[in-house]
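Colleague: Encoded as C-alpha coordinates, here's the structure I'll be asking about.
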Amino acid sequence: LESADVRGIDVALLVDPARVAVTSAELARACTALNTGIVDAASDCAAGEWPLYSRPPLAVGLTVDGEPLLVFVMHMKSKRGGAIETAPRRLAQAAHIAELVAAELAVNPEAGVLVLGDLNDYDLSPPLQVLTANGHLVNVLQQVPAAQRYSYNFGGVSQLIDGILVSPALAARLAEVTIQHVN
(Lines give C-alpha, C1' and ligand atoms only; values in the text may rest on other atoms or scores of the structure.)
Protein backbone atom coordinates (compact mmCIF):
# COMPACT_ATOMS: atom_id res chain seq x y z
CA LEU A 1 0.00 0.00 0.00
CA GLU A 2 1.34 3.41 -0.93
CA SER A 3 2.60 5.67 1.85
CA ALA A 4 3.33 9.39 2.01
CA ASP A 5 7.10 8.84 2.15
CA VAL A 6 8.71 11.43 -0.12
CA ARG A 7 11.44 8.95 -1.12
CA GLY A 8 8.86 6.38 -2.19
CA ILE A 9 9.70 3.92 0.58
CA ASP A 10 6.81 1.60 1.46
CA VAL A 11 6.63 -1.49 3.65
CA ALA A 12 5.47 -4.87 2.37
CA LEU A 13 5.06 -8.47 3.39
CA LEU A 14 5.78 -11.43 1.15
CA VAL A 15 3.79 -14.59 1.81
CA ASP A 16 3.67 -18.14 0.48
CA PRO A 17 0.11 -18.54 -0.86
CA ALA A 18 0.38 -22.31 -0.48
CA ARG A 19 0.41 -21.87 3.32
CA VAL A 20 -0.75 -18.32 3.95
CA ALA A 21 -4.04 -16.55 3.27
CA VAL A 22 -4.12 -12.76 3.62
CA THR A 23 -7.38 -11.84 5.37
CA SER A 24 -6.78 -8.09 5.73
CA ALA A 25 -4.19 -5.44 4.99
CA GLU A 26 -4.20 -1.77 5.94
CA LEU A 27 -1.82 1.00 6.87
CA ALA A 28 -1.96 1.68 10.62
CA ARG A 29 -1.92 5.46 10.40
CA ALA A 30 -1.83 7.67 13.49
CA CYS A 31 -1.56 11.34 14.34
CA THR A 32 0.64 13.19 16.81
CA ALA A 33 1.09 16.63 18.32
CA LEU A 34 4.74 16.43 17.21
CA ASN A 35 5.37 18.59 14.17
CA THR A 36 6.55 15.87 11.79
CA GLY A 37 6.20 17.98 8.65
CA ILE A 38 4.55 15.00 6.92
CA VAL A 39 1.86 15.67 4.37
CA ASP A 40 -0.46 12.67 4.01
CA ALA A 41 -3.88 13.28 2.49
CA ALA A 42 -5.00 9.84 3.70
CA SER A 43 -4.39 10.74 7.37
CA ASP A 44 -7.34 12.28 9.16
CA CYS A 45 -5.50 14.38 11.73
CA ALA A 46 -7.22 17.00 13.87
CA ALA A 47 -6.14 20.63 13.78
CA GLY A 48 -2.73 21.00 15.38
CA GLU A 49 -1.80 17.37 14.74
CA TRP A 50 0.46 15.79 12.15
CA PRO A 51 0.71 12.30 10.65
CA LEU A 52 2.98 10.22 12.89
CA TYR A 53 4.42 8.17 10.05
CA SER A 54 5.71 8.86 6.58
CA ARG A 55 5.74 5.04 6.21
CA PRO A 56 2.81 3.81 8.31
CA PRO A 57 3.06 0.24 9.59
CA LEU A 58 1.39 -2.32 7.38
CA ALA A 59 -1.08 -4.28 9.54
CA VAL A 60 -1.72 -7.64 7.90
CA GLY A 61 -4.16 -10.26 9.10
CA LEU A 62 -3.13 -13.72 8.00
CA THR A 63 -4.10 -17.32 8.34
CA VAL A 64 -0.96 -19.48 8.39
CA ASP A 65 -1.59 -23.21 8.12
CA GLY A 66 -5.10 -22.48 9.39
CA GLU A 67 -4.02 -20.36 12.38
CA PRO A 68 -4.65 -16.60 12.60
CA LEU A 69 -1.72 -14.21 12.86
CA LEU A 70 -1.55 -10.41 12.98
CA VAL A 71 1.63 -8.91 11.54
CA PHE A 72 2.77 -5.29 11.79
CA VAL A 73 5.50 -4.54 9.23
CA MET A 74 7.46 -1.49 10.41
CA HIS A 75 9.88 1.04 9.02
CA MET A 76 10.21 3.53 11.85
CA LYS A 77 11.65 7.03 11.56
CA SER A 78 15.35 7.01 10.78
CA LYS A 79 17.93 8.94 12.77
CA ARG A 80 18.54 11.19 9.76
CA GLY A 81 18.57 14.67 11.25
CA GLY A 82 20.11 13.46 14.51
CA ALA A 83 19.40 10.66 16.98
CA ILE A 84 18.28 13.01 19.74
CA GLU A 85 16.15 15.13 17.42
CA THR A 86 14.33 12.13 15.91
CA ALA A 87 13.95 10.07 19.12
CA PRO A 88 10.56 11.56 20.12
CA ARG A 89 9.02 10.38 16.87
CA ARG A 90 10.40 6.83 17.19
CA LEU A 91 9.12 6.75 20.78
CA ALA A 92 5.66 7.89 19.67
CA GLN A 93 5.67 5.30 16.88
CA ALA A 94 6.64 2.57 19.34
CA ALA A 95 3.90 3.69 21.74
CA HIS A 96 1.33 3.58 18.93
CA ILE A 97 2.26 0.03 17.96
CA ALA A 98 2.34 -1.03 21.62
CA GLU A 99 -1.24 0.28 21.95
CA LEU A 100 -2.40 -1.64 18.88
CA VAL A 101 -0.80 -4.85 20.16
CA ALA A 102 -2.29 -4.33 23.64
CA ALA A 103 -5.75 -3.87 22.10
CA GLU A 104 -5.38 -7.10 20.13
CA LEU A 105 -4.20 -9.05 23.17
CA ALA A 106 -6.99 -7.57 25.32
CA VAL A 107 -9.48 -9.27 22.99
CA ASN A 108 -7.48 -12.51 22.78
CA PRO A 109 -4.50 -12.96 25.16
CA GLU A 110 -3.40 -16.00 23.14
CA ALA A 111 -3.33 -14.12 19.83
CA GLY A 112 -0.37 -14.54 17.55
CA VAL A 113 1.05 -11.05 16.97
CA LEU A 114 4.29 -10.27 15.18
CA VAL A 115 5.98 -6.86 14.89
CA LEU A 116 8.94 -6.80 12.55
CA GLY A 117 10.97 -4.64 10.25
CA ASP A 118 13.40 -1.76 10.24
CA LEU A 119 12.97 -0.21 13.68
CA ASN A 120 15.89 2.16 13.06
CA ASP A 121 17.03 1.77 16.66
CA TYR A 122 19.08 -0.61 18.76
CA ASP A 123 17.66 -3.62 20.53
CA LEU A 124 17.92 -2.02 24.02
CA SER A 125 16.89 1.51 22.98
CA PRO A 126 13.99 3.39 24.59
CA PRO A 127 11.62 2.69 21.63
CA LEU A 128 12.32 -1.05 21.91
CA GLN A 129 11.79 -0.80 25.65
CA VAL A 130 8.39 0.82 25.01
CA LEU A 131 7.44 -2.05 22.72
CA THR A 132 8.39 -4.73 25.24
CA ALA A 133 7.68 -2.97 28.58
CA ASN A 134 4.21 -4.35 29.24
CA GLY A 135 5.12 -7.95 28.36
CA HIS A 136 2.89 -8.02 25.28
CA LEU A 137 5.89 -8.39 22.98
CA VAL A 138 9.10 -10.38 23.32
CA ASN A 139 12.22 -9.33 21.38
CA VAL A 140 13.23 -12.72 20.04
CA LEU A 141 16.48 -11.45 18.54
CA GLN A 142 17.80 -11.24 22.10
CA GLN A 143 18.15 -15.04 21.84
CA VAL A 144 20.78 -14.72 19.12
CA PRO A 145 24.34 -14.87 20.50
CA ALA A 146 25.74 -11.36 20.98
CA ALA A 147 28.50 -11.80 18.39
CA GLN A 148 25.88 -12.70 15.75
CA ARG A 149 23.26 -10.16 16.86
CA TYR A 150 23.44 -7.69 13.98
CA SER A 151 21.31 -7.02 10.94
CA TYR A 152 23.19 -4.16 9.37
CA ASN A 153 26.77 -3.08 8.82
CA PHE A 154 27.44 0.63 8.51
CA GLY A 155 30.99 1.88 8.05
CA GLY A 156 32.40 -1.42 9.28
CA VAL A 157 30.33 -1.39 12.47
CA SER A 158 27.77 -4.18 12.88
CA GLN A 159 24.47 -3.04 14.35
CA LEU A 160 21.04 -4.46 15.11
CA ILE A 161 18.48 -1.90 13.91
CA ASP A 162 15.92 -4.39 12.61
CA GLY A 163 13.60 -6.23 14.92
CA ILE A 164 11.35 -9.22 15.38
CA LEU A 165 9.01 -8.98 18.34
CA VAL A 166 6.31 -11.55 19.04
CA SER A 167 3.41 -12.01 21.41
CA PRO A 168 3.97 -14.42 24.32
CA ALA A 169 1.84 -17.09 22.61
CA LEU A 170 4.20 -17.06 19.62
CA ALA A 171 7.32 -16.82 21.78
CA ALA A 172 6.29 -20.03 23.57
CA ARG A 173 6.22 -21.84 20.21
CA LEU A 174 9.55 -20.53 18.98
CA ALA A 175 11.95 -23.25 17.87
CA GLU A 176 14.96 -21.22 16.71
CA VAL A 177 16.06 -17.65 16.04
CA THR A 178 18.79 -16.69 13.60
CA ILE A 179 19.75 -13.65 11.58
CA GLN A 180 20.75 -13.86 7.94
CA HIS A 181 23.69 -11.48 7.51
CA VAL A 182 23.01 -10.18 4.03
CA ASN A 183 22.98 -6.45 4.91
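Colleague: Only Lys, Arg, Asp and Glu count, each charged at its Cβ (+1, +1, -1, -1), so figure out the dipole size of the chain about its Cα centre, rounded to 20 debye.
Modeller: 480
Colleague: Share of the range 1-93's accessible area from carbon and sulfur, percent, 1.4 Å?
Modeller: Of all accessible area on the range 1-93, carbon and sulfur atoms account for 57 percent.
Colleague: Let me have the relative contact order for the range 6-62, percent, based on Cα pairs under 8 Å that are six or more residues apart.
Modeller: Relative contact order, the range 6-62: 44 percent.
Colleague: For the chain, what is the Kirkwood estimate of the hydrodynamic radius, computed as the reciprocal of the mean inverse distance between distinct Cα atoms, to one decimal in Å?
Modeller: Evaluated on the chain, it is 17.1 Å.
Colleague: Under unit Cβ charges (Lys, Arg +1; Asp, Glu -1), what dipole magnitude, rounded to 20 debye, does the range 95-181 have relative to its Cα centre?
Modeller: Around 180 debye, computed over the range 95-181.
Colleague: If you count only protein heavy atoms with a 1.4 Å probe, what accessible area per residue comes out for the chain, rounded to a whole Å²?
Modeller: 54
Colleague: Now for a separate question. With N set to the residue count of the range 75-159, report its C-alpha Rg divided by 2.2 N^0.38 Å to two decimal places.
Modeller: It is 1.17.
Colleague: Which is the longest stretch in the chain that no exposed loop site breaks, taking sites as GluC sites (Glu not before Pro) with a DSSP loop state and at most 11 other Cβ atoms within 10 Å?
Modeller: Excluding the exposed sites themselves, the longest stretch runs over 3-109.
Colleague: Let me ask something else. Pull up the DSSP beta bridges for the range 32-168 and report the antiparallel fraction as a percent, rounded to 5.
Modeller: Rounded to the nearest five, the antiparallel share is 75 percent.
The values are calculated or read from the model by the stated rules, or taken from the named source; none is laboratory data. Given the structure is predicted, the values throughout are model-derived calculations rather than measurements. All Cβ positions, glycine included, derive from the backbone under ideal geometry; neighbour counts span all protein chains shown. Note: accessible area is taken over every heavy atom of the protein model, side chains too, but ligands, DNA and RNA are not part of it. Shrake-Rupley method; radii C 1.70, N 1.55, O 1.52, S 1.80 Å.
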